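Written below as structure tokens is the structure these notes are about.
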Amino acid sequence: MDLQDFDVETEEREIGPERRCVVTRTRQDKAGMIRFVVTPDGNLVPDILARLPGRGIWLSARRDVLDTALNKGGFNKAARGVVSVPADLPGLLVLAFERRVAECLSLARRAGQAVAGFQKAREWMESGRVPLVVEASDGSPEERARFLGWRDGKRTPHGFQGTVIMPLSAAALGTLFGRDHAVHIAVAAGRLAELLITETERLAGISGRPELIERANA
């Protein structure tokens, strides 16, 4: 990826559902991108929720795009000046998206839209009300396949056909559901399920781990 034609359109107004990535120059749905702002004292701040005041610097949620911006002065060019970039920005973003996923999943639990445990989650899944299953990232692939009704890690006609995400460890999921660990979680259809998928896509992209999400009909 080359920044030789990097000419940020800083005068673009932040309106509508799409933004232009300052590295790839492509316009995308802003929900799947990452916004940054520069503080008055020149510090670059990730704006995960895209709510901070100031003109945004938008990047595709991909590790290679972030690396290009870091290694080739992309943020300086976007800001048209020298900015102070946080140390280990990739790691900070991964942690931020993990927290964001945890927040969305906690909201789903409190709203009665998520349930943990092999039997309960399986009952929800088999009822047809579940478009999303959350699996522990450190869970057994064999156990995951058994729960989903898949064979050899692959979808089967009678197994779960929705989206599967694996953003957090069993211990982290357990904390959200008041137990030592949680491996299988079913999430009902709705806005929170959609947010969980979007945020896990951003996490997978910025961490360079596409295996964290398997979309329906993939």
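A count restricted to segment 130-155 and to residues that are under 17 Å from Ala102 (Cβ atoms) and of a type in the set (Val, Ile, Thr) stands at 2.
For segment 163-191, what are the residues that are surrounded by fewer than 20 Cβ atoms within 10 Å (Cβ to Cβ) and over 12 Å from Asp138 (Cβ atoms)? Thr175, Phe177, Gly178, Arg179, Asp180, Ala188, Ala189, Gly190, Arg191, listed by residue number.
Quick one: is Gly208 at pLDDT 95 or above, over 23 Å from Arg110 (Cα atoms) and either surrounded by fewer than 16 Cβ atoms within 10 Å (Cβ to Cβ) or not assigned by TED's automatic domain parsing to the domain that holds Val133 (or both)? Yes, satisfied.
Looking across Arg63, Arg80, one residue alone is surrounded by fewer than 22 Cβ atoms within 10 Å (Cβ to Cβ) and over 18 Å from Gly205 (Cβ atoms). It is Arg80. On the given criteria, is Arg27 buried (at least 18 other Cβ atoms within 10 Å of the Cβ) and over 15 Å from Leu93 (Cβ atoms)? In short, no.
Before we move on, is Leu93 modelled with pLDDT of 95 or more and surrounded by fewer than 18 Cβ atoms within 10 Å (Cβ to Cβ)? No. If I ask for residues that are part of a helix (DSSP H, G or I), closer than 26 Å to Arg191 by Cα and free of Cβ contacts under 8 Å to residues at least 24 places away in the same chain, which ones from segment 22-79 would you list? Those that are part of a helix (DSSP H, G or I), closer than 26 Å to Arg191 by Cα and free of Cβ contacts under 8 Å to residues at least 24 places away in the same chain: none in segment 22-79.
Let's see how each residue does on (1) crowded, with 18+ Cβ neighbours inside 10 Å; (2) closer than 27 Å to Ala61 by Cα:
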{"position": "Glu103", "(1), (2)": "no, yes"}
{"position": "Val115", "(1), (2)": "yes, no"}
{"position": "Gln119", "(1), (2)": "no, no"}
{"position": "Met125", "(1), (2)": "yes, no"}
{"position": "Gly128", "(1), (2)": "no, no"}
{"position": "Val133", "(1), (2)": "yes, yes"}
{"position": "Ser140", "(1), (2)": "no, no"}
{"position": "Asp152", "(1), (2)": "no, no"}
{"position": "Gly159", "(1), (2)": "no, no"}
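If you check Ala121, Ala186, Ala145 for being among the hydrophobic types (A, V, I, L, M, F, W, C), more than 22 Å from Val94 (Cβ to Cβ) and assigned to a strand (DSSP E or B), only one passes: Ala186.
The values are calculated or read from the model by the stated rules, or taken from the named source; none is laboratory data. Quick caveat, the model's predicted, so the values are computed rather than measured. Please note: Cβ atoms are built from the backbone with ideal geometry, for glycine as well, and neighbour counts cover all protein chains shown.
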